[in-house]
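J.: A single structure is presented below for examination.
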Amino acid sequence: MVAIPSATVIPTIKPIETSTIHIDVIRDLKRINGHLTSVAQEVQSAGFTHVALLGMGGSSLAPEVLSRTFGRAKGFPEFHMLDSTDPAQVKALESKLNLKSTLFIVSSKSGSTLEPAGATDSELRQAARAWREGATPRQVR
């Protein structure tokens with residue numbers, strides 16, 4: 001299990017100042033393409049079967065749109081998203097995951113959003129239980 005701050009994989013993009021911002025985004029994505037590819041290969045080779053993104057609002061919206069738009073690539077983990085603190089939704093997500101092979105990503109623009117922090121606490125408790133039962137903690141950088 002690992003929590004990767006979203007700032008580690010998302011490029012710094014200048015505020016919208018001109019109508020050519022899309023050019024900057026493409027340039028920035030090309031600049032970090034090697035890093036993103038490396039992370040994807042590491043996730044795949046680590047044997048993760050699920051990726052669970054914990055975030056609220058805009059921190060979870062783009063990943064959900066991309067997942068629904070492009071789907072799951074063959075050989076890569078299944079994507080799940082939790083953008084709620086409702087205990088029933090947390091339990092529903094946990095029932096879909098194999099905690100021993102799930103990569104958790106906590107996504108928060110500010111780093112202090114309460115909802116992802118609460119979800120993280122819940123998932124960490126579940127992951128700790130899986131580790132006690134023999135799962136090996138793994139980390140992706």
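J.: Run the quick spin-label model on Val39 and Glu64: label points 7 Å from Cα toward the beta carbon, then report their separation in nm to one decimal.
T.: For the pair Val39/Glu64, the computed spacing is 2.0 nm.
J.: Could you rank the peptides 28-38, 87-97, 51-61 by their average count of other C-beta atoms within 10 Å per residue, with the highest value first?
T.: Values: 28-38: 11.8, 87-97: 13.4, 51-61: 19.8.
Result, highest mean first: 51-61, 87-97, 28-38.
J.: Neighbour counts of other C-beta atoms within 10 Å: give me Phe79, Phe48 arranged from fewest to most.
T.: Phe79, Phe48
J.: Okay, moving on. Classify segment 43-94 as rounded, prolate or oblate from the Cα gyration tensor: take a ≥ b ≥ c as the square roots of its eigenvalues, call it rounded if a/c is under 1.5, otherwise prolate when a/b beats b/c and oblate if not. The partial results should precede the final answer.
T.: Details: a/c = 2.39, a/b = 1.40, b/c = 1.70.
Oblate, because a/c is 1.5 or more while a/b does not exceed b/c.
FYI, it's all coordinate maths here, none of it is from the lab. All values derive from a computational prediction rather than experimental measurement. Counting neighbours? That spans all protein chains shown, and the Cβs are built from the backbone with ideal geometry, glycine included.
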